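Novice: The structure that follows is given in the form of structure tokens.
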Amino acid sequence: MSEPLIPFVDLKSQYQALKPQIQQRINAVLEHGQYIMGPEVRELEVRLEAYTGARHCITCASGTEALLISLMALNIGSGDEVITTPFTFAATAEMIVLLGAKPVFVDIEPDTCNIDVALIEAKITSRTRAIMPVSLYGQVSDMDQINAIAARHGNLPVIEDAAQSFGANYKGRKSCNLSTFGCTSFFPSKPLGCYGDGGAVFTNDDALAQACREIRVHGQSKRYVHSRVGLGGRMDTLQCAVVLAKLERFEWEVQKRLEIGNLYNDTLDGLGISRVQQRPDRNSVFAQYTVFLKKRETVQKSLKAAGIPTAVHYPTPLNEQLAYAHLCCPDCTPVAAKTAKCVMSLPMHPDLSASEIIRITSLLAEITV
Ligand SMILES: *Cc1c(COP(=O)(O)O)cnc(C)c1O
């Protein structure tokens, strides 16, 4: 008898739990018909400002656009360098390159997989214009230390790629409100997802917030007054409506993710299976639950056969990808190179049950011994 499939991310049960709220919110948009920049856009921004504590939230078309808009607001371009990690989704470095700037890759910590803060300072040059840490798997980097380094070097702006960490906290403060900019994504499978593409930029700086708002609408300071070069980067009203509905149980989901992450931690530690570590002064939102394995492909196959899907975040560091390989030799970041060969993510979502976690971890232990 084959066991039932465990979803990797469970958007169906989340929808079932929130169906009336989501339908009501979507219907309200269909009735008022303001599909672009309707009232739900600002309503969501105000809610997210309150949630994160950031002074400004500027919603935009995706997490990728959030990164692009924040880099554009800082006037980053040709000849500039931005310090970041190679162990991330492509969008992080991609937006830097798109603007003609150069991503400078710094290696990662072997246990958290986040940027190794101790290696940042050596990579700062007279061309460095920003530091862009990624809150990988939903856990924030050591932002106090990164901000201190940035302050020591002429107040460099710090952009948190918080695409995976909305809802996470760091020393009692929320991800997205820890540096010059926080950029998140509402891609459906992220901790706070919509039903398509969406994202947001957060900042406490009034002038930068204004720049972001203008860039989002083709650089307009007023209708048909184009004060700067921008783009079409708005988030749809309908997607904002979906996120507003999802906010109703988001805090519960954040707590559940933390409980599930901790249960995975305790169970795997008991079984002697190596995993990504969390620092005690911050709560991950566990966008991914990731373990370290030797024979990854074999394990993935066996788990798949037993109805347990897995994924690899990420199989190749960006400095080994064709598009970025010329920017930095792969051996500049040996930890990232090694980590990419052994990471594997397990099913992770707020509706995952304790018995499912036991099923997953027991099988994993059986296969890996
Ligand atoms: C998902 C993701 C992005 C891009 O977000 P989109 O909304 O898909 O454009 C950027 N950076 C990281 C680390 C991500 O995980």
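Just so you know, all these numbers are worked out from the coordinates, no wet-lab data involved. Being a predicted model, the structure only gives us computed values, none of them experimental. Using ideal geometry, Cβ is built from the backbone for each residue, glycine included, and neighbour counts are taken over all protein chains shown.
Novice: Within 13 Å, Cβ to Cβ, of T180, how many net charges do the neighbouring residues add up to if Lys/Arg are +1 and Asp/Glu are -1? Numbers along the way, then the final one.
Specialist: On the way: positive: R55, R129; negative: E160, D161, D205, D206.
Around T180, the charge tally is -2.
Novice: What is the gain in length, in nm to one decimal, between A325 and C342 on full extension, counting 0.36 nm per residue of separation less the C-alpha to C-alpha distance? Each step should come with its number before you reach the end.
Specialist: Values: separation 17, 0.36 × 17 = 6.12 nm, distance 2.07 nm.
Full extension from A325 to C342 adds 4.1 nm.
Novice: If you take the Cα Rg of segment 1-160 and divide it by 2.2 N^0.38 Å, with N the number of residues, what do you get? Mind dumping the intermediate values first?
Specialist: On the way: Rg = 19.7 Å, N = 160, 2.2 N^0.38 = 15.1 Å.
Compactness ratio reported: 1.30.
Novice: Set the Förster radius R0 to 45 Å, insert the Cβ-Cβ distance between H32 and K295 as r into 1/(1 + (r/R0)^6), and round the FRET efficiency to 0.05.
Specialist: The computed FRET efficiency comes out at 0.25.
Novice: Hey, another quick one. Select from S62, S345, S274 the residue whose mean-square fluctuation is largest in a Gaussian network model of the chain (Cα-Cα springs shorter than 10 Å).
Specialist: With Cα springs under 10 Å in the chain, the top fluctuation among S62, S345, S274 is at S274.
Novice: Aspartates and glutamates within cross-link reach of K295: Cα-Cα under 18 Å, excluding same-chain residues under 8 positions apart?
Specialist: Within the straight-line cut-off, K295 pairs with E366.
Novice: Karplus couplings for segment 5-12 from phi (6.51 cos²θ - 1.76 cosθ + 1.60, θ = phi - 60°), rounded to Hz, Gly and Pro as x?
Specialist: Taking θ as phi minus 60°, the curve returns 5, 9, x, 5, 9, 10, 7, 5 Hz for segment 5-12.
Novice: Amide H to amide H under 5 Å from A90: which residues, 5+ apart in sequence or cross-chain, H placed 1.01 Å off N in plane?
Specialist: none
Novice: Please give me the summed charge of the neighbours of Q288: other residues whose Cβ is under 13 Å from its Cβ, Lys and Arg +1, Asp and Glu -1. Please list the in-between numbers first.
Specialist: Values: positive: K190, R257, R275; negative: none.
Net local charge, Q288 excluded: +3.
Novice: I've got another one for you. Per the Kirkwood treatment, what hydrodynamic radius in Å, one decimal, follows for the chain from the mean inverse distance over all distinct Cα pairs?
Specialist: Details: mean 1/r = 0.0474 Å⁻¹.
This gives a value of 21.1 Å.
Novice: Before anything else, pin down the relative contact order of segment 1-151: Cα pairs under 8 Å, at least 6 apart, normalised by residue count, whole percent. Walk me through the numbers on the way to the answer.
Specialist: Details: 144 pairs, mean separation 24.5, N = 151.
That works out to 16 percent.
Novice: Counting only other residues whose beta carbon sits under 12 Å from that of A311, what net charge do I get with K and R as +1, D and E as -1? Walk me through the numbers on the way to the answer.
Specialist: Working: positive: R296, K304; negative: none.
Taking every Cβ under 12 Å from that of A311, the sum is +2.
Novice: DSSP beta bridges in the chain, what fraction antiparallel, as a percent rounded to 5?
Specialist: DSSP beta bridges in the chain are roughly 65 percent antiparallel.
Novice: Using bins 5 angstrom wide from zero, how does P(r) for segment 264-308 break down, in % of all Cα pairs?
Specialist: 5, 17, 21, 27, 19, 6, 4, 1
Novice: For the chain, what does -39500 (n - 2.57) per DSSP helix run (n ≥ 4), summed and divided by total residues, give at 222 nm, in deg cm²/dmol to the nearest 500?
Specialist: On the way: 11 runs with 140 residues, N = 369.
Taken over the chain, the calculation gives -12000 deg cm²/dmol.
Novice: Starting from 0.36 nm per residue, how many nanometres of slack lie between A90 and E259 once their C-alpha separation is accounted for?
Specialist: Details: separation 169, 0.36 × 169 = 60.84 nm, distance 2.95 nm.
Here the segment from A90 to E259 would lengthen by 57.9 nm.
Novice: I've got another one for you. For all pairs of alpha-carbon atoms in segment 191-234, what percent lies in each bin of width 10 Å, listed from the first bin to the last filled one?
Specialist: Reading upward from the zero bin: 27, 43, 26, 4.
Novice: Please figure out what share of the DSSP beta bridges in segment 146-254 is antiparallel and state it in percent, rounded to the nearest 5. Let's see the in-between values first.
Specialist: Values: 9 of 12 bridges.
Rounded to the nearest five, the antiparallel share is 75 percent.
Novice: Still on this model: Could you give the size of the charge dipole of the chain about its Cα centre, using +1 on the Cβ of each K and R and -1 on the Cβ of each D and E, expressed in debye and rounded to the nearest 20?
Specialist: Details: 36 positive and 38 negative charges, 77 e Å.
With Lys and Arg at +1 and Asp and Glu at -1, about 360 debye.
Novice: Can you give the Kirkwood hydrodynamic radius for segment 236-369, in Å, rounded to one decimal and based on Cα pairs? Kindly include the intermediate steps, with their values, before the conclusion.
Specialist: Numbers: mean 1/r = 0.0595 Å⁻¹.
Value: 16.8 Å, from the Cα pair sum.
Novice: What relative contact order, as a whole-number percentage, does the chain give when Cα pairs under 8 Å and 6 or more residues apart are counted?
Specialist: Values: 767 pairs, mean separation 83.8, N = 369.
Result for the chain is 23 percent.
Novice: Among Y324, Y224, P157, flag the residue with its Cα farthest along the positive direction of the charge dipole of the chain, charges on Cβ as +1 for Lys/Arg and -1 for Asp/Glu.
Specialist: Of the listed residues, the answer is Y224.
Novice: Using the alpha-carbon centroid of each, what span in Å lies between segment 1-30 and segment 346-369?
Specialist: So the two Cα centres are separated by 22 Å.
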